[in-house]
Amino acid sequence: MQFDAQAIFGPAGLLAQHLPGYEFRQEQVDMAEHIYGALVNKGHALVEAGTGVGKSLAYLVPLIYYTVNEGKRAIVATHTITLQEQLFTKDLPFLAEALPLEFTAEVFKGRRNYLCLARLYEQTQKDLLSLTDPSWRLLLDWAKTTTTGDRSEAPNVPGALWNMICCEKETCPEELCPHFGQCFYWSLRHKLSRAQIIVVNQALFLADLQTGGSVLPKYDAVVIDEAHNLEDVATNCFSQELSRESFLALHRTGVGLVGKLEGLVPAVALNDARLTLDQVTLEAARYFDGLLPLITEPTTTIDEANYQDFARTELPRLLEELVQALDFGELEDGEASALIGQMRDFAQNVLGAVNLILSGSDPAYVYWAEIIGGEAHLIAAPIQVHDDLGEKLFRQVPSAILTSATLSTAGSFAYVKNRVGLSEAAELILGSPFDFQSQAVLCVPQEAKHPRHPLYAKYTAYLILHTAAAAQGGTLALFTSYRLMDEVAGLVEDKLAQEGYTLLVQGDGPRGQLLEEFRTTQKAVLFGTNSFWEGVDVAGDALRAVVITRLPFAVPDRPVIAARLRAIERAGGNAFLEYSVPQAVLRLKQGFGRLIRTRRDRGAVVILDDRIVSSSYGSQFLDSLPPAHFTRDITALRSVFSEKATT
């Protein structure tokens, strides 16, 4: 069936006929046509779509027509679970009803999100869990009725309990498992081969790329939504991390395997494997305890000056011995052979991570140690990911569409293209259909200071109080550090309480709970750091003002950031202008985007960092923001909100 964007998205089109209150947006038509053109021409595309364009439908519709008309399969990769679930439970069912063609879609998550019937059965045979435990009883009742085995549908299963009964690669004998025919994970894997559209998260998509397509079926196109996160997700995905828990997981898997092999493997060989496994676990405990005094900074870089201190361990030798000890030769029991193979792979992967991190020999990585939850962690992360993404994504997948509300800086995609290794793409920048001149005010107060000003925290507190009073609550204050957030919270909490405001601070409760309280509390002020800069969707009168306390430059002492800055400088570039500024511009656009979510929203964004108007690079930030009414008079906010109250 022919793709006709106007007939689908037009004022009297197919979508309007099935959606009460439908609003026509030309930007949505333009985006859909642009994406369809890239798909049928087997090309890549970059699309920045401002808030309110409706980009989810603008890429799903052409993707559906492309897969059906061309007999292809496509992937949609999101960053957040929220968007993943919205696409599968809301947008795709709506389009299945509205469009005159049939298509199949599935949502697919990482293996550990699904219940393993074999592990569940094993746990019911043990005395480790009390059948009178409420969580356990609820889980068993759910397991009898679920058709998906998806943890998101399970009744509040504690993490420790779920870890004992979820699917995991290391203990899965695949088709040799007696529960294989009923397995939720493998049943869904088989369904994927018949699906035309598969919705996943970016981490799973990139992990599949990294392993050469070992999980997802072959596909011809991918849409990566929330693509401004792609470099960070790829960095995490291509990193290696070790902790005591890595070896405890290896030990748990090994102990379970040894129990299953009794009677199938000569006792001497089995005992040798058991003893070697115990030695690995004991050496790991000794080693990671000994690391704690070496980690003297929040992140301690491992380099030529100190790597010998971190390399004092017998773990590489013991892991090699474990891999050898797990070679039991040919076994008649197929399930046992499969499990041994999985265990050897597990041990090999841990050995590979140990060798990479402790040698520090690959200059493409940066190495560091940090303490998380009282435990030492060792990390090796790639300094750049553009070569990997360029080779494994853009040169392998016929058509890759990257979209987000924040991909360009000062009207150019050059920064993002360079960071993710994309050389050629059809580019499109679409503004928002909202009227920012009348809906939003951008205020950079005359009183704003440089963040290094000795009284910066006090000025920040004063200006937040002024903004909250003008807006009568409904104020979201975005910070770049917990330290400043906590300091300012201490300065304003008494005054806000006296005036009848409710102060909510990140860390006081779960993120979702804080946002819900913010939405439903009439005079609320919410303080948040990194995770609140994006993914916060509070439409209507509940959010009237967004305060950005400082320009969101990445912390330069983070190992990956520091290594990237050094790499640019060594290549003769200007790291600040080529990396720090454009990255901060994209982050600022995300923060600004929290304010106006619908055509009816009104409000103000207040930026308290004077560098946006006083520095030579400040114009790059201002030029990248939507065209809101600009003022430097903080007192003007009162009239802005009084006008809003009368409209």
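The values are calculated or read from the model by the stated rules, or taken from the named source; none is laboratory data. Bear in mind that the values here come from a model prediction, so they are computed numbers and not experimental data. Backbone-built Cβ (ideal geometry, glycine too); neighbour counts: all protein chains shown.
A few comments on the model shown:
- Residue-level check: of (1) in a loop (DSSP other than H, G, I, E, B); (2) more than 18 Å from Phe413 (Cα to Cα), Pro626 misses just (2).
- Counting the residues of segment 420-442 that are crowded, with 19+ Cβ neighbours inside 10 Å and under 30 Å from Gln26 (Cβ atoms) gives 12.
This table checks each residue for (1) over 27 Å from Gln498 (Cβ atoms); (2) touching a residue at least 40 places away in the same chain (Cβ under 8 Å); (3) not in a strand (DSSP E or B).
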| residue | (1), (2), (3) |
| --- | --- |
| Gln446 | no, yes, yes |
| His453 | no, no, yes |
| Lys458 | no, no, yes |
| Ala461 | no, no, yes |
| Thr467 | no, yes, yes |
| Leu476 | no, yes, no |
| Thr480 | yes, yes, yes |
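- Residue pairs whose Cβ atoms lie under 8 Å apart, separated by 6 or more positions or on different chains, with the first residue in segment 277-303 and touching a residue at least 60 places away in the same chain (Cβ under 8 Å) and the second loosely packed, with under 13 Cβ neighbours inside 10 Å and in a loop (DSSP other than H, G, I, E, B), are Thr299/Asp557.
- Residue in segment 544-555 that is among the charged types (D, E, K, R), at pLDDT below 90 and within 24 Å of Leu463 (Cβ to Cβ) present: no
- Which numbered condition Val613 fails, given (1) under 25 Å from Gly411 (Cα atoms); (2) outside any helix (DSSP H, G or I): (2)
- Residue check for Leu257: at pLDDT below 85 and either buried (at least 19 other Cβ atoms within 10 Å of the Cβ) or over 22 Å from Lys169 (Cβ atoms) (or both): yes
- Residues (modelled with pLDDT of 95 or more and crowded, with 21+ Cβ neighbours inside 10 Å) located in segment 40-53: His44, Ala45, Leu46, Val47, Glu48, Ala49, Val53
- Restricting Leu358, Leu351, Leu407 to residues that are modelled with pLDDT of 95 or more and more than 30 Å from Lys589 (Cβ to Cβ) narrows the list to Leu351.
- Residues that are loosely packed, with under 14 Cβ neighbours inside 10 Å and modelled with pLDDT under 90 were ranked within segment 260-296; the one that is nearest to the chain's Cα centre (by Cα) is Glu262.
- Scanning segment 449-483 for residues that are of a type in the set (S, T, N, Q) and at positive phi yields a single hit, Gln472.
- Across segment 61-71, not a single residue is classified as without any contact (Cβ under 8 Å) to a residue 12 or more places away in the chain, within 26 Å of Asp30 (Cβ to Cβ) and outside any loop (DSSP other than H, G, I, E, B).
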